[in-house]
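Worksheet: the structure to be examined is printed underneath.
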Amino acid sequence: MKSFSVVIPTRNRPAYLRTAIESVLMQDRPARDIIVVDDGTGLAQAVGNLSDRIVVLDNRQRGPV
């Protein structure tokens, strides 16, 4: 089975982000990595504890991700 990563760009929407991550985690074919690119105020760090497969990258309002 091929592995894949999921990239989730976000900006100041922690409730939607949590829902998106939980949806990815519930899939039949699990993603190898979930990469969250946070273009907001750093709130995405709070979801990093949902899984050890989550990597949060801080883009802090530097433009489109």
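When +1 charges are put on Lys and Arg Cβ atoms and -1 charges on Asp and Glu Cβ atoms, the dipole computed for the chain relative to its Cα centre reaches about 120 debye.
Once every DSSP H run of n ≥ 4 in the chain is given -39500 (n - 2.57) and the sum is divided by its residues, what mean residue ellipticity at 222 nm do you get, rounded to the nearest 500 deg cm²/dmol?
On the way: 1 runs with 12 residues, N = 65.
For the chain, the value works out to -5500 deg cm²/dmol.
Averaged per residue, segment 1-42 has 67 square angstrom of accessible surface, using a 1.4 angstrom probe with ligands and nucleic acids left out.
Projected label points at Arg62 and Ile35, each 7 Å from Cα along the beta carbon direction, are separated by 1.3 nanometres. Helix 14-25 and the long axis of the chain differ in direction by around 20°, with both axes built from C-alpha atoms. If you wrap the tightest convex hull around every Cα atom of the chain and split its volume per residue, you get 72 Å³. Summing charges over neighbours of Pro9, with a neighbour being any other residue whose Cβ is under 11 Å away from its Cβ, gives 0 when K and R count +1 and D and E count -1.
Annotation: amide H-H contacts under 5 Å for Val36 (H modelled 1.01 Å from N, sequence separation of 5 or more, or interchain): Ile8, Val55, Val56, Leu57.
The values are calculated or read from the model by the stated rules, or taken from the named source; none is laboratory data. The structure displayed is predicted, hence computed values, not measured ones. Cβ sites come from the backbone with ideal geometry, for glycine too, and all protein chains shown count toward neighbours. Protein only, heavy atoms only, side chains kept; ligands, DNA and RNA dropped before computing areas. Shrake-Rupley method; radii C 1.70, N 1.55, O 1.52, S 1.80 Å.
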